[in-house]
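Report on the following structure.
We did not get these values from a lab; they are worked out from the coordinates using the rules stated. What you are looking at is a predicted structure, and each value in this text was computed from that prediction instead of being measured. Here the Cβ positions follow ideal geometry from the backbone for every residue, glycine too, while neighbour counts run over all protein chains shown.
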Amino acid sequence: MNRCALFRARPDTVCVDVGSSRRLPPALFKKYKDTFGVAREPHRRVVANFRYFMRPGKAMTGPPLGQDLSKVGIKPMDFCKVFNDKTKAVFKDDVELILRIQIYEDKTYSWRIEPPPGAWYILRCCRKKRRETNSSTWVCFITLEMLFEIAKQKMRHWAKPDEPEIEIRVRHLIGQARAMGICVLGVDGPSSPVWGMSEREYEKKSEEYRKIHREQFFEEQRRTLMEAPLYQRLHHPDLTGLTPEEIQKGLRDPKLFRSLWTATDPKSLHSVERENEEMAVRYMRSKKWALHKEVPKEELVAMYKNRDLPPGYTESLLKSKGPAKV
């Protein structure tokens, strides 16, 4: 594929500015969350789970949707009407949504829609259709920045947009693109994906792009740490940024004292000896030694400590002889 064809394959909506945000714009994120996010349901026994690929406004009472819903006592016509009314005015007709339906024991159900699968986004970026890719050879190219834009929309939990991190989601998309025979420029190929820019110029711009993204990543990690409760920041040496109100609030947290007790409680000699005895008994039983007769625990501990010594030697004997002469 020549560079000109690759340049035409780049969507206009992809943000290629240096230091672009790691998340969706606030307005778009709110729209996505209202559309795909669902409230936590109370705990009820689930009897069936269904998953379909459905286009907006295209739900029909025929199989497989209508057949599966009829088996569990749900009217397919009512569900199709609700689904079509909700999705037809929001999405385009060619979007492949993921529909999940959960059936409960009391004949009630809940359903939610999810963004299209990652393969759908990748094929749209490459201007390819299904069965036009081949895993045995490269058939087209995709840029790393496109995968970052796709990863922003493929969130696992809309209430926690940074879990998992965007780098982990991009790695999954890279593996999926490779399995489809799509070369990821910047990972699998060093060529410049921008028309009119040399490879060295593109590498210089990419380094600047990665530098700003690393700064954003560390800033996000620092902000997350500073917003965490006080008992989770005990391992962090810098607590000077805390205000007196935050310190007082953290001191009133019962988990703080439990964490301090766990971190500062020294083990007594009795507990250490008991752990050694238990470890020795488990080891001797795993080797099936001294099981035919009653052996004191002190002797078991001595045998466990001397398990790596040469035959006929004991730990006290070696100490009395001192180091071996060369």
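So the values come out like this:
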read-out	value
Label-to-label distance, nm, for residues given as Phe29 and Glu208 (7 Å Cα→Cβ offset)	2.6
Formal net charge of residues neighbouring Ile74 (Cβ-Cβ distance under 11 Å; K, R +1; D, E -1)	+1
Using θ = phi - 60° and Karplus 6.51 cos²θ - 1.76 cosθ + 1.60, couplings along segment 167-176 (whole Hz; Gly, Pro as x)	5, 5, 5, 5, 4, 5, 5, 4, x, 5
Per-residue Cβ neighbour rank within 10 angstrom, fewest leading, His172, His43	His43, His172
Rh by Kirkwood over Cα pairs, then Stokes-Einstein D for segment 45-107 at 1.306 mPa s and 10 °C, µm²/s	131
Label-point separation, Arg156 to Glu278 (7 Å along Cα→Cβ), nm	3.2
